[in-house]
Amino acid sequence: MHGIRTIVALVLMAPFALAQADELYLKNGSKLIGSLVRSESDFVIFKTPFAGDINVKQSNVDRIVTDTNVIVMLNDGTVYRDQRIDAEGGQLVARGDTGVSEAFEATDIRYINPEPWRLGEGYKWSGEASVAAEFERGNSDTDEWDIAGQTVWRSLVDRYTIKGDFERDRNNGRKTDDNWEVRSKYDRFSKSDERNYWGGKLRLEYDRFADLDLRTILGPHIGRQFLDTPRLAFHGEIGPVYVDEQFDEAEDNDFPGALWEGGATSDIVGFGSTLYLNHDGILNFDDPEDLILNTTLGLKFPLILGFEAGVQAKWEYDGGAPEDIDELDETYTFRLGYAW
């Protein structure tokens, strides 16, 4: 009897549950009923009773109608809080509890329920950490470790970035690689165009087998986010730097120079993967042949619960390396990591 009453109650409540549901209309004519979690520039997160949270590409979305209050941010920066979105005469209308309404096109919407930092509330913290390891026992005993990570704090006005890379290899009990690098950077975004930014960077590098005890790189930069889409995101930076190099055996060196940096990512491979290319270089104003170039090409793809795997190739050129040290280093790795 109790089970029958429960079923009857659920049946009676169903129309009210549907009445309180948000609706997502797709360009192929389909409609999803559930709850809107968030809408970004390239995707919509929509919660459904049958599949939980699902990601829908923005290019497949025709319109969104909400029965619950949401926060709407338009492309011009206007923010409407505690609004319901209705479809009316080919337009979308935001209606507040006060009865005031505002009509706009679907293409005018930049975000729905944006993350707090996009509204100027605090910072968004993101990052990733990965490890590449190889152990061999038998004819030779080999231990290879490569640990890398980065973390970013981003707000509407600025960004803090810290990156680190540590590598240590042994072959038959003898070290064959021992190096590390730490990069820190601060960016301040332009008020007139958030794609432009300026800031400063500090890098520290050590490489025992390149006779490098410590390289310190310090300087300001200007940069621009040229593109920022899933298919292609690309940024570039340039600025003057002061470089101080301390060697174990070679003569210490310091010089003024110019540093440039660029990076690109793309989802063109598909399956949730990210193809990335990073490059930076330093030109020595005192000796143009003392050129430093670093290039990294990789592909990473998601596993489960934030874990990811990837392959990476890295080329490091140092035109000012001591005579008995190779100018070019090549490293190829398979990495396992976690991103948040």
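Which one of these is at negative phi, buried (at least 17 other Cβ atoms within 10 Å of the Cβ) and either part of a strand (DSSP E or B) or assigned by TED's automatic domain parsing to the domain that holds Pro220 (or both): Asp287, Asp329, Asp324, Asp254?
Asp329
Given Asp67, Asp108, Asp97, which one is surrounded by fewer than 13 Cβ atoms within 10 Å (Cβ to Cβ) and in the same structural domain as Ile45 (by TED's automatic domain parsing)?
Every option except Asp97 fails the conditions.
Among what's in segment 199-233 and is of a type in the set (A, V, I, L, M, F, W, C) and in contact with a Gly (Cβ under 7 Å, 6 or more places away or on another chain), pick the residue that is farthest from Glu40 (Cα to Cα).
Going through the qualifying residues, I end up with Ile222.
Quick one: what pairs do we get from segment 46-62, first residue hydroxyl-bearing (Ser, Thr, Tyr), second surrounded by fewer than 14 Cβ atoms within 10 Å (Cβ to Cβ) and in a loop (DSSP other than H, G, I, E, B), C-beta under 9 Å, 6+ apart or different chains?
Final answer for the pair search is Ser59/Lys27.
Per-residue answers, yes or no, for (1) under 22 Å from Arg159 (Cα atoms); (2) in the same structural domain as Gln58 (by TED's automatic domain parsing); (3) crowded, with 17+ Cβ neighbours inside 10 Å:
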site: Phe234; (1), (2), (3): yes, no, no
site: Ala250; (1), (2), (3): no, no, yes
site: Gly306; (1), (2), (3): no, no, no
site: Ala309; (1), (2), (3): no, no, no
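Report, by residue number, each residue of segment 27-53 that is outside any strand (DSSP E or B) and either more than 29 Å from the chain's Cα centre (by Cα) or surrounded by fewer than 16 Cβ atoms within 10 Å (Cβ to Cβ) (or both).
Answer for segment 27-53, where residues must be outside any strand (DSSP E or B) and either more than 29 Å from the chain's Cα centre (by Cα) or surrounded by fewer than 16 Cβ atoms within 10 Å (Cβ to Cβ) (or both): Lys27, Asn28, Gly29, Ser30, Ser41, Asp42, Pro49, Phe50, Ala51.
Do you know which residues across segment 102-121 are modelled with pLDDT of 80 or more, of a type outside the set (Lys, Arg) and not in a loop (DSSP other than H, G, I, E, B)?
Listed by number, the residues that qualify are Glu102, Ala103, Asp108, Ile109, Tyr111, Ile112, Pro116, Trp117, Leu119.
Of the residues that sit in segment 27-84 and are more than 26 Å from Val100 (Cα to Cα), in contact with a helix residue (DSSP H, G or I) (Cβ under 8 Å, 6 or more places away or on another chain) and among the charged types (D, E, K, R), which one is modelled with the highest pLDDT?
Filtering segment 27-84 for residues that are more than 26 Å from Val100 (Cα to Cα), in contact with a helix residue (DSSP H, G or I) (Cβ under 8 Å, 6 or more places away or on another chain) and among the charged types (D, E, K, R), the one modelled with the highest pLDDT comes out as Lys27.
Exactly one of (1) aliphatic (A, V, I, L, M); (2) within 30 Å of Leu303 (Cβ to Cβ); (3) touching a residue at least 24 places away in the same chain (Cβ under 8 Å) is unmet by Met73. Its number?
Going through (1) aliphatic (A, V, I, L, M); (2) within 30 Å of Leu303 (Cβ to Cβ); (3) touching a residue at least 24 places away in the same chain (Cβ under 8 Å) one by one, Met73 breaks only (2).
The values are calculated or read from the model by the stated rules, or taken from the named source; none is laboratory data. Quick caveat: nothing in here was measured; it's all calculated off a predicted structure. As a convention, Cβ positions derive from the backbone with ideal geometry for all residues, glycine included, and neighbour counts pool all protein chains shown.
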